[in-house]
Amino acid sequence: MKVNKLEVLSNVQVSERYWHMKLEASSILEPVKPGQFFNIKCAEADSPFLRRPFSIYRMNKAEKTIEFLYLMKGQGTFKLTDVVAGEKVDMLGPLGEGFTLGKTWDTVLLLARGVGIATLAALAQEAVEKHVKCIAILSARTNNDLLAAEMLQGLGVQVIKVTEEDGTSDVSNVHRLIEQLLIENDIKATFTCGSKRLSKLLQKISKNHGLPGQIALEEHMGCAMGVCYACVCDIKEENGINSVRVCKEGPVFNLEKVVLG
Ligand SMILES: Cc1cc2nc3c(=O)[nH]c(=O)nc-3n(C[C@H](O)[C@H](O)[C@H](O)COP(=O)(O)OP(=O)(O)OC[C@H]3O[C@@H](n4cnc5c(N)ncnc54)[C@H](O)[C@@H]3O)c2cc1C
């Protein structure tokens with residue numbers, strides 16, 4: 001783990017609620033895996049005191065850049081929108097355990113909701129680079145919030161959009177869609193991020209179909225270095241239920257083992 005001061009190449013509003021930030025990343029020498037995150041100092045001043053965690057949205061190894069897609073939510077992300085090109089941002093990372101693509105998985109299903117789309121986009125990018133067929137169900141409040149859809153389609157990902165606006169994002173419809181996709185495709189693994197309700201659904205479906213699954217959790221974090229235990233979640237192990245730190249043992253976990261409450 002390393003503190004990086006990265007130069008911002010752009011930081012622009014891409015929809016009513018979302019911003020996109022691109023940074024020069026040649027100083028990051030260790031590989032960054034999809035699902036890993038950076039803990040970002042959102043403002044030079046001491047407020048907000050705590051850094052905020054953001055998963056990697058896109059990586060461009062040739063350009064040596066990294067990108068984040070973030071929702072303007074509260075104090076930290078609001079301050080982050082003030083950062084302009086040319087400024088440097090203090091980032092701790094890459095942190096945590098990322099996603100793993102099994103060697104024999106030639107078709108995978110991604111199910112993302114809201115900002116979870118940002119987290120799974122990096123995985124989709126890696127899957128496509130490894131010639132893995134990638135199907136993504138993207139769920140959001142409005143079509144305007146489905147920001148990564150075009151980018152993913154451009155990569156060759158089969159994208160299915162569901163929104164509250166269109167009345168298509170309810171759990172029963174997503175359930176129906178997934179069962180249909182499982183009939184039409186030889187899906188080998190599932191991945192999810194962004195919604196407890198959809199994650200519970202995917203957990204159940206994956207178990208019924210005997211599919212391995214992975215989930216990226218977005219818990220509130222304090223230190224993000226495994227010290228403060230602010231971000232613990234429960235995992236079912238052979239010896240019972242254990243509490244683990246999302247920042248250290250996660251944020252990506254075996255979907256079957258996570259206790260989703
Ligand atoms: C591993 C990880 C990866 C993430 N990746 C992304 C990403 O790629 N893009 C993105 O937009 N967001 C991502 N998030 C969520 C992001 O960290 C929070 O939205 C951000 O910390 C909010 O900060 P804020 O100061 O703007 O809002 P705050 O003022 O801190 O909070 C605003 C509201 O959000 C709630 N909140 C604060 N932190 C979290 C959290 N970690 N999870 C859920 N709710 C929270 C607060 O309770 C409050 O209601 C990620 C979170 C984690 C843990």
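Only the coordinates and a few stated rules stand behind these numbers; no lab work does. On a predicted model such as this, the values are computed, not experimentally measured, just so you know. Please note: Cβ atoms are built from the backbone with ideal geometry, for glycine as well, and neighbour counts cover all protein chains shown.
Results, tabulated for the structure shown:
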| quantity | calculated |
| --- | --- |
| Candidate lysines - alpha carbon under 23 Å from LYS103, same-chain residues fewer than 8 apart omitted | LYS33, LYS61, LYS130, LYS133, LYS188, LYS207, LYS257 |
| C-alpha long axis of helix 116-129 to longest principal axis of the chain, angle in ° | 80 |
| Within the chain, helix-based [θ] at 222 nm, where runs of 4 or more DSSP H residues each add -39,500 (n - 2.57), nearest 500 | -6000 deg cm²/dmol |
| 0 to 90° range, to nearest 10: angle between helix 196-208 axis and the chain longest Cα axis | 40 |
| 12 Å beta-carbon shell around THR142, net charge (K/R +1, D/E -1) | -2 |
| Net charge over other residues, Cβ less than 14 angstrom from the Cβ of LYS33 (K, R count +1; D, E count -1) | -1 |
| Cysteines in the chain lacking a second Cys C-beta under 4.7 Å | CYS42, CYS134, CYS193, CYS231, CYS233, CYS247 |
| Using alpha-carbon coordinates, inclination of helix 171-184 to the longest axis of the chain, degrees | 70 |
| Proximal charge balance of LEU155 [Cβ under 11 Å; K/R count +1, D/E count -1] | -2 |
| Cα centroid of the range 166-180 to Cα centroid of the range 114-155, whole Å | 17 |
